[in-house]
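For reference, the structure discussed in these notes is given below.
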Amino acid sequence: MNDASDTLPGLDEAVRAARAMAPRLAARARETEALRRMPEETLAEFRAAGFYRMCAPVAKGGWGLDVETAIRVSFELSQGCASSGWAAAQIGFEAIMVQGFPQAAQDEYWAPGPDVGAVSGNALLGGTVEPVEGGLRIRDGRWKFASGADQADWLILTQPMRGGTDMVLVPRADFAIEDDWHVIGLKGTGSKQVTIADAFVPAHRIAPLSRIRSHAMSIWILGAIAWGAALGAHRDFVSILRERRSSKDLTRPAQRDGVQLALARSGVELDCCAMLFERNLALFRKAEGEGRELSAEEGLIVARDCSYVCELAYRGTQSLFDEYGSSVIYDDVPIQRALRDIMAATRHGRVAWHLNGKKYGMWRLGLLSDLPPPADPA
């Protein structure tokens, strides 16, 4: 929620800026893929639009908005370029993550001003992270999937510690980047490997992951990227197939049953995505209004729904891809890029249907030892 004065921009302003930006990002999408990171022009647009400030605290010059803003901005941008949607969402949510650290760390992070960016690294591949007097010592550490590493000011690591998972905040001077980001989709996110040879992390830059606000709802960043890319592909398909004629006999592919049915299937699946998001958003807003996080039961529903949205986005875009024609094999075809980006986004462990769907089913059937089933079996 925005607890600032009415003069600060809000959710609507951020969404409008993202919607206006999406066509420019679409025009820049091939460059973004080729660079395998965000173009400086895109980051300059993000700063001008306030995306670095949208979720930063008001006391540090931000807008004080919540994770819903990052999700909706990502959805709008992903209709033009999913890599850019991912980057903007990470900028927003990492500002929320930093607010989970002690005040001293926040003061360090935002000392230059509100337009600061961090990168998150997870999946420790090697090295040691051990408690020492006054903090942690990291030696020979390697982490994968650090989105936006090339242009980040700080690194937020997630690390199992003390029986749970901690966040660790590391300045740019303490980590190096290894370029291993040669992937099928979301190429422009620049999610490279980061390494730390030897660094001391003071205690004020360590915090439990549980202190992140709205962590359960943040799964929808992935859902928004897949859903937004699928909607962009749907619109591209319609605009192109309305005018296309076969190079062989000048017939219109739009007259084929398969094309029409694929479009219908994609359309209804996109409508389902929107309905599931709004239902989950209602749960989130209710919890926020009551001053609490989503309950464990609500978290299971949100994870199930978001994972299924990713399934729908992939399935619908695949059906359009299959009916597009032979030219779909070219890398510069937007529908091909959208499908590859959705494939990459939906490989993320947080939206794995076989895990989230299974856990929901176990809960409903009373098979979770730590969470009783709902009283109403309907």
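A short reminder: the numbers here are calculations on the coordinates, not readings from a lab. Source: prediction; values computed, not measured. Glycine also receives a Cβ, built like all others from the backbone with ideal geometry; neighbour counts cover every protein chain displayed.
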| Fully extended, how many nm does the chain gain between K358 and H182 (0.36 nm per residue separation, minus their Cα-Cα distance)? | 60.2 nm
| Under a point-charge model restricted to the Cβ atoms of Lys and Arg (+1) and Asp and Glu (-1), what is the dipole moment magnitude of the range 1-136 relative to its Cα centre, in debye to the nearest 20? | 560
| query | Each label point is 7 Å from the Cα along the Cα-to-Cβ direction; what then is the distance between the points at L125 and A254, in nm? | reply | 4.8
| remark: For 325-333, 236-244, ranked highest to lowest by mean beta-carbon neighbours within 10 Å, the order is 236-244, 325-333
| query | Normalised by the residues of the chain, what does the relative contact order come to in percent, with Cα pairs under 8 Å and at least six apart? | reply | 15
| note | Diffusion coefficient in µm²/s returned for the range 1-141 by Stokes-Einstein, Kirkwood Rh over C-alpha pairs, 4 °C and 1.567 mPa s, is 80
| said: Using a 10 Å cut-off around each Cβ, can you sort F101, F51 from fewest to most neighbouring Cβ atoms? | reply: F101, F51
| Burial ordering of T42, T195, T128, fewest other beta-carbon atoms within 10 Å first | T128, T195, T42
| query | Which lysines does K144 reach when only Cα atoms under 25 Å apart count, and residues fewer than 8 places away in its own chain are ignored? | reply | K187, K192
| said: 7 Å from Cα along Cα→Cβ at both A296 and V268: what's the point-to-point distance in nm? | reply: 3.7
| field | Kyte-Doolittle mean at least 1.0, axial Cα span of 27 Å or more - DSSP H helices of the chain | value | 220-241
| task | Would you work out the charge dipole size for the chain about its Cα centre, treating the Cβ of every Lys and Arg as +1 and the Cβ of every Asp and Glu as -1, and quote it to the nearest 20 debye? | result | 860
| task | With r as the distance between the Cβ atoms of D198 and R279 and R0 = 51 Å, compute the FRET efficiency 1/(1 + (r/R0)^6) and round to 0.05. | result | 0.60
| task | Give me the distance in nm between label points sitting 7 Å out from Cα along the Cα-to-Cβ direction at I329 and T165, one decimal. | result | 4.1
| said: Using DSSP to call loops (not H, G, I, E or B), can you name the trypsin sites (Lys or Arg not before Pro) in the range 266-324 whose Cβ has at most 12 other Cβ atoms within 10 angstrom? | reply: R292
